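The values are calculated or read from the model by the stated rules, or taken from the named source; none is laboratory data. No experiment lies behind these values; they were computed from the predicted model shown. Every residue, glycine among them, receives a Cβ derived from its backbone with ideal geometry; neighbour counts consider all protein chains shown. Accessible surface areas use protein heavy atoms only, side chains included; no ligands, DNA or RNA. Shrake-Rupley method; radii C 1.70, N 1.55, O 1.52, S 1.80 Å.
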Amino acid sequence: MKQAKFATRSIWAGEKEQLAFGATQVPVVHSVSFGYDNMDEWYEVAIGNKKGHIYGRNTNPTVEAFENKIRDLEGAEAATSFSTGMAAISNTLSTFLAPGDRVVSIKDTYGGTNKIFTEFLPRMNVEVELCETADHDTIEAEVEKGCKVLYLETPTNPTVKITDIERMAKIGKAHGAIVIVDNTFATPVNQNPIDLGVDLVIHSATKFLGGHADALGGALVGTKELVEKVYHYREINGATLDPMAAYLLLRGMKTLKLRIDQQNKNAQEIAEYLKTFDLVEDVFYPGLEEHKNHDIAKKQMRGFGGMLSFAVKGGVETVRDFLPELQFANRAANLGAVETIVGPSRTTSHVECTPEERAAMGIPEGLIRYSAGIEDIEDLKADLKQAFAKVEEKASQKS
């Protein structure tokens, strides 16, 4: 469906071939197994010579529709799916890394990803080099030393730092590395890493792709050769996407363009507005001109995303006072939904890390992650204003 525009493809891509009985919506196929009377046909499907399904841990019609839609939206050759975003990340890294291999990445990855790099891969005798996220020269120098995988996340979670994807893809490929980018924060609406030279793109579909905080899922897209290798690892290890979750993700993706366009606008306005409050020490959003890599973001992104974060004066104590005062925000460990979601990194993205580990990653304890929803922007701004006013009033009463 390459000739169609993104909003049209988000609705139609990957669905027609899975429709049945005249239905206009992809059915939820809950069957664990798929039967065959013809033994030869069964065998041909089983060994991959003929299209079809054998067993739900391997493939499923509803799940296949989801995979085909994200493959189309990212402009990839192939796609596979997983039970969660972390399953997508861990299965992909486990597919390509073995004892004695080396992986180069950045310090600012999502907390769960960071734990894989700092705790689990070293246990497998995989050498891990984590570089400063915005230090492109150092990343290049480490890749030049040799590595099996170059793993990036941009924008990062939660401080929305930016890495030059095209530059990193060139250096990675020049030295034989598999280049992987976590595109969860940007979404294919705002950024297509494959067009910038990346081999594989990962999504936590739980977030913006689904958009309604009601389904867990993960996705990987990229070259057919590499995706098939990860699929084989996943089908054996069993981190399979549930058909009902696939259906909910499919339904959510139909409004992806509409939602992301609104979230882009809301996040930009919120980021600008937060700078006007005395209690706010710093605001992190790639759409701000003062953002360290704003120019890189402008070059590789069509929109700056619905995620931002900000640090407040007074640290954790201010966070404790401020967050409960917000009326139009869920205080929860999630992001990318139609509702605004807020939370400190110490209970969301980097709950697995110690305060010292968070500090080493440049994440202050007073940092608040803000996932802009699709609410009316004036309501969101008024909500922030009244919440800050109550915190200041409480502080004056204490003094």
Checklist entry - What number of residues in the range 85-105 are hydrophobic (A, V, I, L, M, F, W, C) and over 27 Å from A213 (Cα atoms)? => result 5
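Please verify whether E166 is touching a residue at least 60 places away in the same chain (Cβ under 8 Å) and either outside any helix (DSSP H, G or I) or out of contact with any strand residue (DSSP E or B) (no Cβ under 9 Å at 6 or more places or on another chain) (or both), treating the condition exactly as stated. First the steps, then the outcome.
Working: touching a residue at least 60 places away in the same chain (Cβ under 8 Å): yes; either outside any helix (DSSP H, G or I) or out of contact with any strand residue (DSSP E or B) (no Cβ under 9 Å at 6 or more places or on another chain) (or both): yes.
Yes: the conditions hold for E166.
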Next on the checklist: What are the pairs with Cβ atoms under 8 angstrom where one residue, in the range 67-78, is touching a residue at least 60 places away in the same chain (Cβ under 8 Å) and part of a helix (DSSP H, G or I) and the other, located anywhere, is open to solvent by 20 Å² or more (accessible area, probe 1.4 Å) and of a type in the set (A, V, I, L, M, F, W, C)? Sequence gap at least six, or different chains.
Outcome noted: E67/A79; I70/A79; R71/A79; D72/M1; L73/F6; E74/I194
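Table: residues versus (1) within 19 Å of T206 (Cα to Cα); (2) touching a strand residue (DSSP E or B) at 6+ places or on another chain (Cβ under 6 Å); (3) of a type in the set (A, V, I, L, M).
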| site | (1), (2), (3) |
| --- | --- |
| E269 | no, no, no |
| E272 | no, no, no |
| K275 | no, yes, no |
| H291 | no, no, no |
| M301 | no, no, yes |
| A311 | no, yes, yes |
| R346 | no, no, no |
Checklist entry - Can you name the residue in the range 364-375 that is in contact with a helix residue (DSSP H, G or I) (Cβ under 9 Å, 6 or more places away or on another chain) and either among the charged types (D, E, K, R) or outside any strand (DSSP E or B) (or both) and is also farthest from E272 (Cα to Cα) among such residues? => result E365
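Hey, can you tell me all the residues within the range 210-252 that are among the basic types (K, R), more than 30 Å from V342 (Cβ to Cβ) and open to solvent by 80 Å² or more (accessible area, probe 1.4 Å)? Steps first, answer last, please.
Going through the range 210-252, the residues among the basic types (K, R) turn out to be 224, 229, 234, 251.
Narrowing further to those that are more than 30 Å from V342 (Cβ to Cβ): 224, 229, 234.
Listed by number, the residues that qualify are K224, K229.
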Checklist entry - Is there a residue in the range 197-207 that is in contact with a helix residue (DSSP H, G or I) (Cβ under 9 Å, 6 or more places away or on another chain) and surrounded by fewer than 21 Cβ atoms within 10 Å (Cβ to Cβ)? => result yes
Item to check | Qualifying position, being open to solvent by less than 60 Å² (accessible area, probe 1.4 Å), touching a residue at least 40 places away in the same chain (Cβ under 8 Å), over 26 Å from T84 (Cα atoms) and under 25 Å from the mean Cα position of the chain (by Cα), among L323, L308 | outcome: L323
Checklist outcome for this item: Taking first residues from the range 326-339 that are basic (K, R) and second residues anywhere that are surrounded by 15 or more Cβ atoms within 10 Å (Cβ to Cβ) and at pLDDT 95 or above, the pairs with Cβ under 9 Å that are 6 or more apart or on different chains are R331/L323; R331/I341; R331/V342
Item to check | Answer residue from the range 153-168, given it is in contact with a helix residue (DSSP H, G or I) (Cβ under 6 Å, 6 or more places away or on another chain) and either open to solvent by less than 10 Å² (accessible area, probe 1.4 Å) or at pLDDT below 95 (or both) and is farthest from V104 (Cα to Cα) among those | outcome: I162
Next on the checklist: I need the full set of residues from the range 147-172 which are within 18 Å of N190 (Cα to Cα), in contact with a Gly (Cβ under 9 Å, 6 or more places away or on another chain) and β-branched (V, I, T), in order please.
Outcome noted: T159, V160, I165
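Just checking, how many residues over the range 29-49 are in a loop (DSSP other than H, G, I, E, B) and over 21 Å from L241 (Cβ atoms)? Show your work before the answer.
Just the residues of the range 29-49 that are in a loop (DSSP other than H, G, I, E, B), to begin with: 29-32, 34-38, 47-49.
Going one step further and asking which of them are over 21 Å from L241 (Cβ atoms), we end up with 35-38, 47, 49.
Final tally of qualifying residues: 6.
Of everything in the range 142-152 that's open to solvent by 10 Å² or more (accessible area, probe 1.4 Å) and in contact with a strand residue (DSSP E or B) (Cβ under 9 Å, 6 or more places away or on another chain), which residue is nearest to I178 (Cα to Cα)?
Step one: filter the range 142-152 for residues open to solvent by 10 Å² or more (accessible area, probe 1.4 Å), giving 142, 144-148.
Filter once more, so that each one left must be in contact with a strand residue (DSSP E or B) (Cβ under 9 Å, 6 or more places away or on another chain): 142, 145-148.
Working: E142: 14, K145: 14, G146: 11, C147: 9, K148: 6 Å.
Across the range 142-152, the extreme among qualifying residues is K148.
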Checklist entry - Take the residues of the range 177-196 that are within 24 Å of Q268 (Cβ to Cβ) and over 13 Å from the mean Cα position of the chain (by Cα): which is surrounded by the fewest Cβ atoms within 10 Å (Cβ to Cβ)? => result D195
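State all residues of the range 328-374 that are hydroxyl-bearing (S, T, Y) and surrounded by fewer than 16 Cβ atoms within 10 Å (Cβ to Cβ); if no residue qualifies, say none.
Of the range 328-374, the ones hydroxyl-bearing (S, T, Y) are 340, 345, 347-349, 354, 370-371.
Selection gives T347, T354.
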Checklist outcome for this item: Only one of (1) farther than 26 Å from R302 by Cα; (2) in contact (Cβ under 8 Å) with a residue 12 or more places away in the chain; (3) surrounded by 15 or more Cβ atoms within 10 Å (Cβ to Cβ) does not apply to Y55, and that is (3)
Item to check | Scan of the range 123-139 for residues that are buried (at least 19 other Cβ atoms within 10 Å of the Cβ) and part of a helix (DSSP H, G or I), ordered by number | outcome: I139
Checklist entry - T59: touching a His at 6+ places or on another chain (Cβ under 9 Å) and either β-branched (V, I, T) or assigned to a helix (DSSP H, G or I) (or both), yes or no? => result yes
